[in-house]
Amino acid sequence: MEPYSCDTFVALPPATVGNRVIFGKNSDRLFDEVQEVIYCPAAVHNDLGKRLKCTYIEIDQVPETYAVVLSRPAWLWGAEMGANEHGVCIGNEAVWGRENVSKEEALLGMDLVRLGLERADTAEKALDVIVDLLEKYGQGGNCAEGEEFSYYNSFLIADRNEAWILETSGKYWAAEKVQGMNNCLQFDL
């Protein structure tokens, strides 16, 4: 699979009318890959001994998850983009750095999008959720159905008050609060 242009943007006050936050993302997935939009209601998970099955691996479940709307390739558990009941929005992008991309199955960047949305009520907390899971479980595995394609991830995470850029390579990461304008990789990973 050849990489195409997958873009995510956020506009923050005072650059917006009415001090609104505008978040957007397009997807460059394969043309014949089914992309579905789903709603997952908030849930209480009483059986904390039960593991959560993500795309490739199982991880620890949390006591409560928030309601989310997700846009995702139908074949996987995670999401390319989404929003939760608290107004947190996350989108991911494929990136390549100095670290060789792991084909070993771990969390996909798309799993991390969904987990950040389900487990955090602010952008900064979503950043912390993603970083903690990245450090604990790593990222890796095939990111396309029917052909071999793996990559690391950059995330744009926003809520009604702020936005963050998180860039990753393996278990390495760097994050920065969005200030002003930018249109390229921020860190030398």
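Diffusion of the chain by Stokes-Einstein, at 20 °C in a medium of 1.002 mPa s and with Rh set to the Kirkwood radius over alpha-carbon pairs, works out to 128 µm²/s. Using alpha-carbon pairs under 8 Å, 6+ residues apart, how would you state the relative contact order of region 116-155 in percent? Over region 116-155, the number comes to 23 percent.
Dividing the mean sequence gap of close Cα pairs (under 8 Å, 6+ apart) by how many residues the chain holds gives a relative contact order of 18 percent. Is region 45-84 rounded, prolate or oblate when judged by the Cα gyration tensor, a ≥ b ≥ c being the square roots of its eigenvalues, rounded requiring a/c under 1.5 and prolate requiring a/b larger than b/c? Verdict is oblate for region 45-84.
For the pair V37 and T122, label points projected 7 Å from Cα toward Cβ lie 2.9 nm apart.
Compare the peptides 143-156, 95-108 by average per-residue count of other Cβ atoms within 10 angstrom and give them in order, highest first. Can you show the working numbers first?
Details: 143-156: 18.6, 95-108: 16.1.
Listed from highest to lowest mean packing, they are 143-156, 95-108.
Sorted fewest first by neighbouring Cβ atoms within 10 angstrom, K136, K25 come out as K136, K25.
Which lysines does K103 reach when only Cα atoms under 21 Å apart count, and residues fewer than 8 places away in its own chain are ignored? Cα-Cα hits under 21 Å: K53, K136, K171. Taking region 62-92 and a reference point 7 angstrom along Cα→Cβ of R160, the backbone N atoms nearer than 19 Å belong to 66-69, 82-90.
Considering only DSSP beta bridges with both partners in the chain, what is the antiparallel share in %, to the nearest 5? Spell out each step's value before the answer.
Numbers: 40 of 41 bridges.
Percentage antiparallel, nearest 5: 100.
Quick one: grab the alpha carbon gyration tensor of region 1-95, order the square roots of its eigenvalues as a ≥ b ≥ c, and give me rounded if a/c is under 1.5, else prolate or oblate depending on whether a/b is larger than b/c. Oblate.
Calculate the all-directions average of the projected area of region 56-160's alpha-carbon convex hull, and give it in nm². Kindly include the intermediate steps, with their values, before the conclusion.
Details: hull surface 25.6 nm².
That works out to 6.4 nm².
Throughout, read-outs are computed from the coordinates displayed, never taken from laboratory work. Source: prediction; values computed, not measured. Every residue, glycine among them, receives a Cβ derived from its backbone with ideal geometry; neighbour counts consider all protein chains shown.
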